[in-house]
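Only one structure is covered here, and it is reproduced in the block below.
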Amino acid sequence: MKQQIDRIANSYSHDGQFARLMNPAWEIFEAFIAGQHAADLKSLDEIPTSLFAPFVAHCEALQMPQSQLFMVLAAVRMLLVLAGRDHRDLTGLVAPRKRKRVRNADSGAYQFEYFPKDAGASPENVAADTGSTRNSANDEPHWR
């Protein structure tokens, strides 16, 4: 599988920049696959969709920062789509979140707290992050 990923990365970008961006995320996914006794998979097409949701749970259990989690999932999805996987097969590679706007940072940038959609906003499952200024249907109102 690593050869397939390298071939995809090199065909997409000849200067190696794409590979430098995607390889760390792929290595996290590849280590997870090896830990699931699925290391004998020979092709990206052989990765069972049943591994995707447990991979997301694994990343969450590592307490990966939200921004890194989103980037890892996006990179893995992109590599699998570029390899020819149907995007509908990748529905398990998501981490739905709600975000709640909190007080602006000293710089004036909006800040948000993110938490899983199926969990309450308790201190154990809330991660603070500075987000974009986009409005979202997932945003909760900002109360001052």
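The values are calculated or read from the model by the stated rules, or taken from the named source; none is laboratory data. What you see is a predicted model, and the numbers here were worked out from it, not measured in a lab. Positions of Cβ are generated from backbone atoms using ideal geometry, with glycine treated the same way; all protein chains shown enter the neighbour counts.
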Those residues of the range 78-90 which are under 18 Å from D6 (Cβ atoms) and surrounded by 17 or more Cβ atoms within 10 Å (Cβ to Cβ), in sequence order:
M78, L79, L80, L82
Six or more apart or on different chains, Cβ atoms under 6 Å: show the pairs whose first residue is in the range 12-26 and in contact (Cβ under 8 Å) with a residue 60 or more places away in the chain and whose second is in a helix (DSSP H, G or I).
Y12/F18
Which residue is farthest from I5 (Cα to Cα), if the candidates are limited to the range 43-66 and must be polar (S, T, N, Q) and at pLDDT 90 or above?
S50
Tally the residues that are within 24 Å of S50 (Cα to Cα), not aliphatic (A, V, I, L, M) and not in a strand (DSSP E or B), restricting the search to the range 79-117.
10
Out of Q3, Q17, Q66, report the one residue that is polar (S, T, N, Q) and touching a Phe, Trp or Tyr at 6+ places or on another chain (Cβ under 8 Å).
Q66
